[in-house]
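Enquirer: Below is a structure I'd like to ask you about.
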Amino acid sequence: MPNNYLSKWKNEKKLIGISKKTKLSVIDQNSLTNRLMSKRNHGFNVNVIKQESKLFNKSMYCNLPYKIKGIGIYRKVVLTTNYYPKIEAYTFMLSKHISGKERFIKILGDRSLGTYILNANRFKKRNTIYRKINNMIHRISIYKYQHKKIYVNEIFPDTIQLEKISYLNARGKFTK
């Protein structure tokens with residue numbers, strides 16, 4: 001199994017000019033939903049802005065910079081809590097890959113994709129790209145299970161600082 005820490009470091013090198021806590025919050029490999037819900041009285045909420053079946057086009061390319069061809073489910077949500085700033089998330093999955101548990105993506109409504117579909121036993125994060133645009137940080141990831149792929153872009157403000165996070169917690173599955 002190849003060691004890919006060097007490629008992760010090269011991707012993270014693009015996060016120049018932000019604080020250590022913000023960088024750790026963005027590179028965190030653990031579930032964002034679980035991290036946001038970890039505080040007491042968190043008030044976690046998923047606000048669905050748009051969810052539709054559509055052809056992948058150039059307007060979506062700025063949020064998901066992969067060459068994807070086909071019709072799929074496109075979802076835009078805003079994650080809010082009482083303690084952290086709002087986080088936008090864009091998701092795209094090709095319709096031909098929607099089977100099994102993934103068919104629930106169509107009826108998730110105001111529930112988190114990470115909680116119901118991106119289960120650690122099935123989908124694994126394969127590739128992550130970081131981009132800093134103005135005062136926002138984009139974490140663009142591909143989750144893969146067998147031949148199925150889900151493309152996710154999470155947009156963080158450059159002031160986000162999640163609590164109780166260290167390099168070990170950010171790099172692996174060490175959360176409580």
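Enquirer: Among the residues that make up region 104-123, is at least one of them modelled with pLDDT of 75 or more, under 20 Å from SER38 (Cα atoms), among the hydrophobic types (A, V, I, L, M, F, W, C) and within 14 Å of the chain's Cα centre (by Cα)? Spell out the reasoning first.
Expert: At the first step, the residues of region 104-123 found to be modelled with pLDDT of 75 or more are 122-123.
Subsequent filtering for residues that are under 20 Å from SER38 (Cα atoms) retains none.
No - not one qualifying residue is present in region 104-123.
Enquirer: Right, here's the next one. Taking the residues in region 35-59 that are exposed (fewer than 11 other Cβ atoms within 10 Å of the Cβ) and not basic (Lys, Arg) as candidates, determine which candidate is farthest from SER95 (Cα to Cα).
Expert: Going through region 35-59, the residues exposed (fewer than 11 other Cβ atoms within 10 Å of the Cβ) turn out to be 40-41, 50, 52, 57-59.
With the extra rule that they be not basic (Lys, Arg), the set shrinks to 41, 52, 57, 59.
Working: ASN41: 37, GLU52: 11, ASN57: 15, SER59: 19 Å.
Here the residue is ASN41.
Enquirer: What number of residues within region 28-44 are charged (D, E, K, R) and within 16 Å of the chain's Cα centre (by Cα)? Steps first, answer last, please.
Expert: Start the filter on region 28-44 by keeping residues that are charged (D, E, K, R), which leaves 28, 35, 39-40.
Applying the additional criterion that residues be within 16 Å of the chain's Cα centre (by Cα) yields 28, 35.
Final tally of qualifying residues: 2.
Enquirer: I've got another one for you. Restricting to region 131-152, name every residue that is of a type in the set (S, T, N, Q), farther than 21 Å from GLY17 by Cα and in contact (Cβ under 8 Å) with a residue 12 or more places away in the chain.
Expert: Answer for region 131-152, where residues must be of a type in the set (S, T, N, Q), farther than 21 Å from GLY17 by Cα and in contact (Cβ under 8 Å) with a residue 12 or more places away in the chain: just SER141.
Enquirer: Do you know which residues across region 135-165 are closer than 18 Å to PHE92 by Cβ and in contact with an Asp or Glu (Cβ under 7 Å, 6 or more places away or on another chain)?
Expert: ARG139, LYS148, ILE155
Enquirer: Out of THR128, THR159, report the one residue that is part of a loop (DSSP other than H, G, I, E, B) and at pLDDT 85 or above. Before the answer, list the steps.
Expert: Details: THR128 fails: part of a loop (DSSP other than H, G, I, E, B).
Answer to the check: THR159.
The values are calculated or read from the model by the stated rules, or taken from the named source; none is laboratory data. Remember, it's a predicted structure, so these values are computed and weren't measured experimentally. When we count neighbours, we look across all protein chains shown, and the Cβ atoms used for this are built from the backbone with ideal geometry, even at glycine.
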